[in-house]
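Values in this text are rule-based calculations from the coordinates and carry no lab data. The shown structure was predicted, so the numbers you read here are calculated from the model rather than taken from an experiment. Virtual Cβ from ideal backbone geometry, glycine too; neighbours counted across all protein chains shown.
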Amino acid sequence: MDGQDEGDAGLIERGALLHIWQSSQGDAIPHLVPSSSDRAAWQSIDQEARDLILAAADAAHGETWIVPRLSQWSDFARTGDRRGYESVDFAHKRRIRLAVLAAAIDPSPARVIEAADGLWTLCEQSTWCWPAHDDAFSRGLLTTDVDRPFLDLGAGECAALAGWAALILGDALDVEVPGVMPRLRAEVERRILTPLMQRRDWWWENREINNWLAWIVGNVIPAAVAFSEGERQERLLERCVDGLDRYLSHLPADGGIDEGFAYWWQGAGRAFDGLVLLDTLSGGRIGSEAVGGALSGLRELARFPERMLLGDDWVASYSDAEARIGADVPWFSLFRAAQFCGLEETAAFAAGRRVAGRTLGLQADTVGGIGRMIGESFDARWRATPPRGAPYPRQAEFASIAVGIRREREGDSTGLTVIVKAGHNAESHNHNDLGSVSVAVDGVPLLADLGRGVYTATTFSEQRYSLWHLSSEWHSLPHPHGLEQLPGREWEAPLQPLDEGWSIDLSGAYPWPDGADREWTRLVRLSDGEVLVRDEGAAVGAEGTRIAIVCAGVPERVGDRILVPGRHGSRPLMLVHDPAEVVIETRATGDPYLQDSWGDEVSRILFAPRRGVDSWELRGRI
């Protein structure tokens, strides 16, 4: 993610984490997790988690192990599809982690052999990389290249899975299936540890720093502990520490995540997961610096999720993040991060998102990997902490990413909430969305920032902005002279907070025609139960100018007003506007992610202000 510009203050000072780590190293590395032979430890884990894990593992026990096929791998190059491979791969890794944990909870020979079967299939896979990330396609191959393993998110997940399995079941595997552990060690060394140490040209730590860096190096930590020792282990761990240091120092001091709420868990959340492990390995030295010390800036990062909340099931969305909170969000990771930073109220908020009868990792996805499942199962505080509701701050400002949120009432999701997005069009997971406005009613977004759809080969290609929901065409922003915004760092819109809202300078957001007056200012306010959007500039009344508002569902004309229907229990929103021609365009979402957040249809309302005017207003009331 772009985070702050060069020279701006970051979340932590570059080198701070590395310095703490280097000064804390002693002779012995503490255990990250009890071995399955420590029966007292494994019998002490949360009973509900224990029962759920055993039941899920038993449901799959004895079935044929299914791994992805070559045709599913190569489909990414042929058709752009990545879900076919990933869905099978995610389910495969889910079954392995459940088998490993079940064998630790109840270490019968049959369970240990089931775990060994899963780990053997892991070793036998030609690649641990996901097809969307491998560089084999760029070299003309439709197969994996076993001689050139690519270290991506998927490979990192496998490294962690193998590492945790070895730490937990290593002795039991040596007894029941001698030979599995050496094979597992060799595969992790070949695919993960050697490439990480030999190569320094990975794009994710050089060309662009985003969630990948924290996600990958955090996952390597348990693998380094399990499969290396002595000086080799020291160098591997220092490599991981340096990666987390680089990621965290690159983030802005206000804790803003330009990739959005959904990616906090896979970037910032992964960094916190790694920091907790390093804290254990350093004898508590890392955590001691997170409260009032050199790492105290992390506290702002831990507060980001609660500040983005609109209602029980909804968050402010922008970039490739969804508006609707998924059922499998790993709230335990936020709880543990808040505890790490000494934020008791934030920890209680995270604890308030617990759901009875549910534990991490039972679904076939990456957010609930084995490391997070272990942490949740062993942390007695997670279920003992009294829950607290969301704080719903009246105002949240992230100057670093030019995102602002204002709500009518402090501590209350009812009423109006308005979100603005400015900044520049070269952010990680960028949409062309400078000056866009979203509005929630009673905690449910009605005026929409659509967020992501299903990822395909197009999503992260040169054709990215041919996807309709990523373009400026389907964001609530102006189109002076009919212009669309373009991607790139040169297109920017400064955001200036005001007492009751913001001023956004859009003069640098468009490829203006020669000779055009480039001034355009958008004023957004929330006061007296009303959202006001005022656009000012010579092009407001120019030929071809349209001002777009995107909403969920299909709005209704009520005289010269427009009613945006409520949904999910919210009240509707009435839009009143200055004179303008109005066209409403509706289209099917046609995508599982978009449909989950916005329903079957979304609409954009196109306002054409009267010719010659230099200002135009839109007002919204419940």
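An oblate overall shape is assigned to region 267-406, the ratio a/c of its alpha-carbon gyration tensor axes (a ≥ b ≥ c) being 1.5 or greater and a/b not exceeding b/c.
Placing a pseudo-label 7 Å from each Cα along the Cα-to-Cβ vector at Glu208 and Asp499 gives an inter-label distance of 4.2 nm. Using amide H atoms built in the peptide plane, which far-off residues or other-chain residues are under 5 Å from Trp314 H to H? Long-range HN contacts for Trp314: Ile325.
For region 166-263, relative contact order (Cα pairs under 8 Å, six or more residues apart, normalised by length) works out to 26 percent.
Of the trypsin sites (Lys or Arg not before Pro) in region 60-150, the ones in a loop by DSSP (not H, G, I, E or B) with at most 13 other beta carbons within 10 Å are Arg69. Taking label points 7 Å from Cα along the Cα-to-Cβ direction, Glu462 and Glu344 give a separation of 5.8 nm.
What angle, in degrees between 0 and 90 and rounded to the nearest 10, separates the Cα long axis of helix 153-176 from the longest principal axis of the Cα atoms of the chain? Once rounded, the angle reads 20 degrees. By other beta-carbon atoms within 10 Å, ranking Glu484, Glu427, Glu238 with the fewest at the front produces Glu484, Glu238, Glu427. Counting only other residues whose beta carbon sits under 15 Å from that of Trp468, what net charge do I get with K and R as +1, D and E as -1? Counting the neighbours of Trp468, the net charge comes to -4. Which of the three applies to region 417-466, rounded, prolate or oblate, going by the alpha-carbon gyration tensor with a ≥ b ≥ c and a/c under 1.5 meaning rounded? Here region 417-466 falls in the oblate category. For region 280-336, the Kirkwood estimate of the hydrodynamic radius, built from every pair of different alpha carbons, is 13.4 Å. The computed semi-axes √(5λ) of the Cα gyration tensor in Å for the structure shown corresponds, within [x] 34, 29, 23; [y] 66, 30, 23; [z] 45, 25, 24, to [z]. Per-residue 3J(HN,Hα) values for region 372-381, derived from phi via the Karplus relation 6.51 cos²θ - 1.76 cosθ + 1.60 with θ = phi - 60°, read 5, 5, 4, x, 5, 5, 8, 8, 5, 5 Hz in sequence order (x marks Gly and Pro). Our summary gives the chain a relative contact order of 12 percent, counting only alpha carbon pairs under 8 angstrom and 6 or more residues apart. Phi angles across region 347-364 convert, under the Karplus curve 6.51 cos²θ - 1.76 cosθ + 1.60 with θ = phi - 60°, into 3J(HN,Hα) values of 4, 5, 4, 4, 4, x, 8, 4, 10, 4, x, 9, 9, 4, x, 7, 9, 7 Hz, Gly and Pro given as x. Note on region 34-199: the C-alpha convex hull projects to 10.1 nm² when averaged across all orientations. Please give the helix 83-105 orientation as an angle from the longest Cα principal axis of the chain, in degrees from 0 to 90, rounded to the nearest 10. Approximately 40 degrees, to the nearest 10.
Please label the shape of region 395-621 as rounded, prolate or oblate, based on the square roots a ≥ b ≥ c of the eigenvalues of the alpha-carbon gyration tensor (a/c under 1.5 means rounded; beyond that, a/b larger than b/c means prolate, else oblate). The shape class here is rounded. Calculated FRET efficiency, Arg619 to Thr79, Cβ-Cβ distance, R0 = 30 Å: about 0.05 to the nearest 0.05.
Going by amide H atoms built from the backbone, whose H comes under 5 Å of the H on Glu601, apart from near neighbours? HN-HN under 5 Å from Glu601: Gly553, Thr589. Between region 174-224 and region 82-97, the alpha-carbon centres lie 19 Å apart.
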